[in-house]
Structure formats: structure tokens, C-alpha cells
Amino acid sequence: MFEQKEFHQVESYLQLQQILDFRFPVNFTRGWAASPDFLLVSIKEILKFEKQKKEIIIVEAGSGVSTVVIGYLLKKFFPKGILISLEHEYDFYKKTLEELKLHELNNVKLLYTPLISYWIKNKEWLWYDTSCLNNLLGNRKIDVLFIDGPPEIIQKDARYPALPLLRKFLSEKFLLLLDDANREGERNASYEWKKELEIYESETVQTEKGTLIIKKISVKEKPFFSICIPTYNRANYLKEAIESILRQTYSNFEVIIYDDGSTDDTERIVKNFNDKRIKYIKGKVNQGRPFARNKCIDLAKGNWIVWLDDDDKMEPELLSFYAVNINRFPEVSVFYPKYIKAFYEKKHSIQFITISDFYKNHSNLIRTLIRKPPIPNPGVCLKKKIYSLFGKYNEEFLRAQDYELWLRVLPHVEVKGIDYVGILYRIHSNNVSTNTLTMDYSYESFAKRRFLSNSSLEEIYKFSPENSLKLFADDLLVHDDYFNATYYLWIGNFREESKVVARKAGLYVKPDSRFIKLHRKFFHFLESKNLSAAAAISPKLGKFYEFLANALLLLNEKPKFSLASFKRAALINPIFDFSYLIPSKWTEEIKSVKKRILIEANSLEKEKKNFISFMEKNYEDLCLYHSEK
């Protein structure tokens, strides 16, 4: 059966033939020679990069079928252009020369350039003799560097010398094309090139052997980044996070590490790094993530702040991509990677997460924002002045402080996703934001409801303003706020929908004797300490009962998860009195959850007291046996 990859090569060759009008058949491709897909990608990039220029200068490292193909490209599209091809094997040089004569390609200067020794970065390298280029180029500069040699058998990372040796000949804006980009040696060479260039455009195309495209661009600004890591007792992960920063291809940055009172080996780990760009500050006691974030902001000297969690890693080109986009989109205040690698530690597996690009799409940004955070916090890059204009992180938000900030900031600024896998996001048992069952969603609810104090529902849901209250209720349910979702449906006169939501939550007991008996049986089981029986019937009564039963089941064996379940129960039914069920040390935390749900967060919530009275009056049994007065 003709495999897809074979078809792809045939398809590429036919397109080359159509574009370039080969006069005679060219030599065989693939194997040691360049593959048709690489050649097709390359000539298209050259055409896009220099389509207005007639006197293009291309230098090729390694000759062969690619020399003939580029010769045809120049003959048809750049008649005043020239290709200088370097070849170190004499017999191969002679064969390529014969091919050029056959095809009558007179715009190619094929040079026999034996490999000679160079001293680069304290190491001896073998590469083509470039002494002839001074006379050939004169005052002209190389526009395109086409690298398909020398072969890797010469030495490890054999193609690396291309950029350091030819850089003085390159134009201010140039195009670099590399074949075999999937191989380790080529990956190593390209990483070193990128470190030397710092600001560039880069793309790896999945051709048969991998094609790397690098474009050097002129920029007005070389931004200074402050990479901020708030940390607390994560010494086991922090070392990898710092190492990932120091591997960046872009070097104009500082690292701010604020240690929020760690009691583990964090300080020793950080001080083992001998890099003046790292600034480590340790607080005396733990004061929480928003406090630590704000300390990082205060200490940062950069115009741009990049956030990195202490258990995540930055991909090596993230800052370079940010630098390019900062120059390209001066109106943007927030950049973020469009792709994130999520690493599941237990499974040793990776999942790629895609984030939408909301550039010039403010309507969709706000619509998504009211539902959930539209952009990731890991790896995000913000102008530091944002914090002066809109305030720093709200230290009352021990959770979801980034979401609360986005609600204040994103309606007023331009954002842009960058086309790069920027962060390796580590998912493990101690993640703050991956176990949804342990999250206190009352913070998200309060933040999005308070957002309405300055924003109109009709503007947010302008595609269906008559259903704005119903749509907002749906968005509250994303974070399990059944209580306020029911309220917004109630004030919008969506009475049947409000009953459905309340019933699912367990806020409304159906007025039939069987259901009321089941409801009373649940509380009887609680009073008699028959928690397994209570848990068994809880799904029939609603979400509130499920979390309440689960909290009591976990109370002794897993107190952390028990408290989380109590908080979720309080989120769903903030009127219920938990005092006779929970340890006294948790009383204040439960009260805080209730406060965030019951507070009148905007002018639309002025009917809350009437709402509660209405429910008590009209529903036969409202699950308020222990209601707070």
C-alpha cells in the first residue's frame, strides 16, 4: 500500500516541478539528499521572504540536488540573484558541477571548499573554508543561509559553525533554513544559534527530516524581563524551574524569587546557583500566594513581568518569542503562550493544552472571562505598569487571585497569544489548582459577581440580552454556585429554571411525601452517625447533601479533604448551619465561604433577603432545619 508519507513526497516533487519548470529531470531526492518536502518548504519561504528583491544572495552549505533546485528558483524569480554553494568533497563537487551545466544554471557559483579548522567558543571545529566569500560578496550581504551540510559524521553538532562564521556576512534581516532539524546534532546547533541571535522568528515544520526556519528581524526594543517565582516549600521542584530559566535563548532578564517563609531546603537550592541575575528574598513567615506575588512585583525592575510557578518549567525560547511579539504588537499589554504541555507526574504522560488567541477579539475575551479565566497564569507576560494602573493581587483572595486580577484588567487592555509551547505545567498531588474537588470556588463566584458592579450584563451577553440573567446563572454554575445561580434565575423570572437548579443543588425539596421522607431520613442517618447510609442516598437529594455526607465521612481519616467538602457544601447552601457538625477550628473558614456567597456583590443582588424569604414561604421544605437567623 502506498504510504501517506510517500504520497506527500511525490506531491511535493510535483509542486516543485510546477513552480520551477525543470528543464531536465533532477537527481534523486531523499536519503542523503534533500527531500522534496524540505525543498518545497524552503523555496516557498525564500519567495515569501524576498519576493520584492531581485538581487537576492543565497549561501548554501552542502551542495547537491538542492543546488539545482535553488538555481532554478533564482533563474525564474530572481534573475539578478546569486547562489554561492560550498562543497567539501571534491568528487561530489564535480558531480554537482555537471548537473548545473546540464540544466544551464549560470547564476550558481559552486565552490570547492575543503573543511578547515576554526576555534569557536573554546573548541576546535571543522567547517568549510570561507576565505573566498570576502571577494565574492564584496559589499553585498547574505540574505538566505541554506544549511544542509556538512554531514554529522564529520563531528558532533557539525553544522553549528555556520552562524558564528558567516554572521558578519549576513544582512540585518536574513532567513536561515536548516534540513535534518529533527536530529539531535541539528537541535543542539539551532539552540546555540538562537542564544546568539536572542531575538528572531522561529518555526519547525514537520517535514520528513524536520525543517527549521529562523528569521532574524530588526527590532526597536530589547525588553528587560523580570521572571517572578513566588515559592513556598517546593525545593524539590524549584531547582528545575530555575534551570529552565537559565536555559533561555534570550538573556536580558532577572529572576525574582520570593520565598514565602519556606521551612525546607529552598534557600540552599537557590544559593547553589551562581548567577547574578537571580535575586532571592526570604520572608520570615508564610503569608500566602497573593502576598508573595505582590512582593515579587515590588522587587521587579523589568518593564515586563513573566510569572513562573515554582513547580513548572519554561520552554527555552519563551522569552525570545515574547521579545519578538513585544516589538511587533506595541499596543498589547498581556502576552501568553497558546500552548502548554501538562505533565502528569503519576502517569508520566504529557497532554498539550491549547488556549485561544483573543487578539483584537475583545467581545469573545469578555464573554469567556465571565465564565472562567480565558488565559493561563503560568508563563504569562504582563507590562509591569498594569499593576500601577489596576492594582496588584488582592490579598484577600487566597485562591483565584489571578482570576480576580484578570476581571479587573482584561476588559481594558489588549492581549495576544504567541504561537509557542511556552510552559511545562506539572500536575502532581500538591498542585494548588488541579484537584477541583478541593477548590474553594466561593472566590471565583465573588469575583465574577463583583465584576457586575462595573459592567453591564447586557454588554457581556449582547448576543442575547433578554437571556443575560439566565446566561450569567449558567456561568455561576461553572464554579458550583447553585445558590446565586438560583437567585439570578429567580430575579429574571425564570422560575422553572430556578427550580431545576435549586433541585439539583438540594436547595429545594420536591413537595411529595416520598422525597420528603428521604430527606428526613438523611438527617436521621447523620444524627445516628450512620454516614455510609447517608452518603448512599445523598445523590438523590442533591449536590449539597453529597458534599455534606462526604465531608463527614472524611472527617477523621482525611481532614484536608473533609474541610474542602464542607466548604463546597457551604458554597452550595450558605444558609445551612454547620456549627454542630464541624470542628470549631474550621468555623471561621466556613463563615468566610458563606460571606462571599451571601454578600451583595452588586446592585442586582439587593433582592437577596426577599429571595430567601420567598423560598421559605413557597417551597414546602427548604432544607433549612438549622438555618442561621
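The values are calculated or read from the model by the stated rules, or taken from the named source; none is laboratory data. Since this is a predicted model, take the numbers as computed values, not measurements. No Cβ is skipped: glycine too gets one built from the backbone with ideal geometry, and neighbour counts run over all protein chains shown. SASA here: full protein model, heavy atoms, side chains in, ligands and nucleic acids out. Shrake-Rupley method; radii C 1.70, N 1.55, O 1.52, S 1.80 Å.
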Counting Lys and Arg as +1 and Asp and Glu as -1 over every other residue whose Cβ sits under 12 Å from the Cβ of N303, the net charge comes to +3
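How many Å² of accessible area per residue for the stretch 136-221, probe 1.4 Å? Mind dumping the intermediate values first?
Working: 3520 Å² over 86 residues.
The answer is 41 Å² per residue.
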Expressed in angstrom and rounded, the centroid-to-centroid distance over alpha carbons for the stretch 182-246 and the stretch 561-578 is 45 Å
Rounded to a whole %, the carbon-and-sulfur portion of the accessible area of the stretch 320-439 at a 1.4 Å probe is 51 percent
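Could you compute the FRET efficiency for V10 and V219, with r as their C-beta to C-beta distance and R0 at 41 Å, rounded to 0.05?
About 0.50, to the nearest 0.05.
Out of all DSSP beta bridges in the chain, what portion is antiparallel? Express it as a percent rounded to 5.
On the way: 30 of 75 bridges.
Approximately 40 percent, going by the DSSP bridge assignments.
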Counting only DSSP beta bridges fully inside the stretch 309-438, the antiparallel percentage to nearest 5 is 50 percent
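Could you sort 280-289, 334-343, 479-488 so that the peptide with the highest average Cβ count within 10 Å comes first and the rest follow in order? Don't skip to the end; give the middle numbers.
Working: 280-289: 14.5, 334-343: 20.6, 479-488: 25.4.
Output ranking for 280-289, 334-343, 479-488: 479-488, 334-343, 280-289.
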The stretch 582-615 and the stretch 337-398 have their Cα centres apart by a whole-number Å value of 29 Å
The size of the Cβ-based charge dipole (Lys, Arg +1; Asp, Glu -1) of the chain about the Cα centre, to the nearest 20 debye, is 1580 debye
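Is the C-alpha gyration tensor of the stretch 286-409 telling us rounded, prolate or oblate? Criteria: a/c under 1.5 is rounded; beyond that, a/b larger than b/c is prolate, otherwise oblate.
Details: a/c = 1.24, a/b = 1.06, b/c = 1.16.
Because its axes are fairly even, with a/c under 1.5, the stretch 286-409 counts as rounded.
According to the square roots a ≥ b ≥ c of the eigenvalues of the Cα gyration tensor, what is the shape class of the stretch 521-570, taking rounded for a/c under 1.5, prolate for a/b larger than b/c otherwise, and oblate for the remainder?
On the way: a/c = 2.22, a/b = 1.31, b/c = 1.69.
Taking the square roots of the gyration eigenvalues as a ≥ b ≥ c, the stretch 521-570 is oblate.
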Descending packing, highest mean Cβ count within 10 Å first, for 111-122, 6-17 is 6-17, 111-122
In degrees, nearest 10, the alpha-carbon axis of helix 482-491 is tilted away from the dominant principal axis of the alpha carbons of the chain by 80 degrees
Here, N361 and R167, labelled 7 Å along Cα→Cβ, have an inter-label distance in nm of 3.8 nm
Taking Cα atoms, the helix 495-505 axis meets the longest principal axis of the chain at an angle in degrees (rounded to 10) of 90 degrees
Expected unfolding gain across K462-K384 under the 0.36 nm per residue rule, minus the alpha-carbon gap, is 24.9 nm
Note: E331 to F523 extended length (0.36 nm per residue) minus current alpha-carbon separation gives 63.2 nm
Computed, not fitted: 222 nm per-residue ellipticity of the chain from DSSP H runs ≥ 4 (each -39500 (n - 2.57)), nearest 500, equal to -12500 deg cm²/dmol
Computed from the beta carbon distance with a Förster radius of 45 Å, FRET efficiency for D265 and S117 to the nearest 0.05 stands at 0.45
Row for the chain, column shape: gyration tensor on C-alpha, a ≥ b ≥ c, rounded if a/c < 1.5 i.e. under 1.5, prolate if a/b over b/c, else oblate; value prolate
Counting only DSSP beta bridges with both partners in the stretch 256-382, the antiparallel fraction in percent, to the nearest 5, comes to 70 percent
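Mind checking the per residue accessible area of the stretch 268-323 for me, 1.4 Å probe, whole number of Å²?
For the stretch 268-323, the solvent-accessible area averages 45 Å² per residue.
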Carbon plus sulfur, as percent of the 1.4 Å-probe accessible area of the stretch 253-314, comes to 45 percent
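Sorted by packing (mean other beta-carbon atoms within 10 Å per residue), highest first, where do 29-41, 217-229, 540-552 land? Before the final figure, lay out the partial values.
Numbers: 29-41: 20.7, 217-229: 17.3, 540-552: 22.6.
Taking the mean over residues of other Cβ atoms within 10 Å, the ranking is 540-552, 29-41, 217-229.
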Expressed in square angstrom to the nearest 10, the accessible area of M314 with a 1.4 Å probe stands at 10 Å²
In degrees, nearest 10, the alpha-carbon axis of helix 442-451 is tilted away from the dominant principal axis of the alpha carbons of the chain by 80 degrees
